[in-house]
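The values are calculated or read from the model by the stated rules, or taken from the named source; none is laboratory data. Note that this is a predicted model, so its numbers are computed, not measured. Cβ atoms come from the backbone with ideal geometry, glycine included; neighbour counts cover every protein chain shown. Each accessible area value is taken on the protein alone, full model and side chains, heavy atoms only, with ligands, DNA and RNA left out. Shrake-Rupley method; radii C 1.70, N 1.55, O 1.52, S 1.80 Å.
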Amino acid sequence: MVTPTTNSSPTTQGVAVRIGYQKAATILNTMRTKGDVEKALTAAGAKVTWTEFPAGPPMLEAMNAGSIDFGYTGEAPPIFAQAGGVPLLYIAYDPWSPKAEAIIVPKDSPIKTVAELKGKRVAFAKGSNTNYLVVKALEAAGLNYTDIKPAYLTPADARAAFEGGNVDAWAIWDPFLAAVEQATGARILTDATNLAPNRGYYLASQAFVNSHPEVLKTLLDEVTKVDKWAANNPQEVAKFLEPELGIPAAALEVAEKRRQYGVLPLTDEIISKQQDIADTFYKIKLIPKQIQVKDIVWQGNK
């Protein structure tokens, strides 16, 4: 595990905090709009910039390139990033929910079970949390990852392919899941219950953590405040996200109510579950080498 580094110059004057976010990531997107983190960090002499990403993997590529300092993704992207040598740290986790991701088929599809996906085209974002869900769902159904035809697509492209009949199934997370369920009557073959934890992780670059641990703690305090507000105000969150995502508030409210909230330090149990995902990806050759998740867990969040 990574221990916190003491900065000999603890001032935050002039520090630029570059945050990566996804529109569908409730907490960071809400925090961006509310503006409280800017107020907190500006008072300390720092400034904040925001960059939007369509999914976790490109966000962590940007972290590797030194373009962002902090972000939030599902459970799979940091595993691919660590295997690729990205200098990042796990800062905290979000429980989210196994009900908040699923493999779906069109309402009139003849496919009734995961086992029937053999030989079929399944859309999902490569290296995403749903990538792991697909692996574990196939395994539970007695299939191998090589038994399907993966279609690696971002959520927007995947929905177009799904509705256009160009893929047979789609593994997707909320709120996109709730939106397509309500809009098209898509059927769930399986959600992640008993298959994948479907947690989210707050991540930061090692250079940022080592140089500005005091700024990171202020940032986490603000994330926690927004998280608590969102947990108690699902209708307000839905109203905010509706114009952002172009998804009806009713669907967003469904998504918000079936997820869990929290900005929590990583425990041995959480690290172990994340290690299981890494080992699975190595076993089926999705990542090129074995990694140890515990090696990049920040110890300042205790």
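Summary table below
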quantity: Hits in the range 105-127 (condition: buried (at least 22 other Cβ atoms within 10 Å of the Cβ) and either at pLDDT 95 or above or among the aromatic types (Phe, Trp, Tyr) (or both)); calculated: VAL105, VAL114, LEU117, VAL122, ALA123, PHE124
quantity: Verdict on GLU242 being farther than 27 Å from VAL122 by Cα, part of a helix (DSSP H, G or I), without any contact (Cβ under 8 Å) to a residue 40 or more places away in the chain and not aliphatic (A, V, I, L, M); calculated: yes
quantity: Scan of the range 104-128 for residues that are among the β-branched types (Val, Ile, Thr) and part of a loop (DSSP other than H, G, I, E, B), ordered by number; calculated: ILE111, THR113
quantity: Residue within the range 247-255 that is of a type in the set (Asp, Glu), over 24 Å from VAL48 (Cα atoms), surrounded by fewer than 17 Cβ atoms within 10 Å (Cβ to Cβ) and free of Cβ contacts under 8 Å to residues at least 60 places away in the same chain present; calculated: no
quantity: Pick from the range 256-285, criterion in a loop (DSSP other than H, G, I, E, B) and either open to solvent by 30 Å² or more (accessible area, probe 1.4 Å) or of a type in the set (S, T, N, Q) (or both), ranking: farthest from LYS136 (Cα to Cα); calculated: PRO265
quantity: Residue among VAL209, VAL167, VAL180, VAL215 that alone is within 27 Å of VAL17 (Cβ to Cβ), touching a helix residue (DSSP H, G or I) at 6+ places or on another chain (Cβ under 9 Å) and at pLDDT 95 or above; calculated: VAL209
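Yes or no, residue by residue, for (1) of a type in the set (D, E, K, R); (2) within 23 Å of GLU256 (Cα to Cα):
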{"residue": "ALA76", "(1), (2)": "no, yes"}
{"residue": "ALA83", "(1), (2)": "no, no"}
{"residue": "ALA92", "(1), (2)": "no, yes"}
{"residue": "LYS99", "(1), (2)": "yes, yes"}
{"residue": "VAL105", "(1), (2)": "no, yes"}
{"residue": "LYS120", "(1), (2)": "yes, no"}
{"residue": "ASN131", "(1), (2)": "no, yes"}
{"residue": "ALA161", "(1), (2)": "no, no"}
{"residue": "ALA169", "(1), (2)": "no, no"}
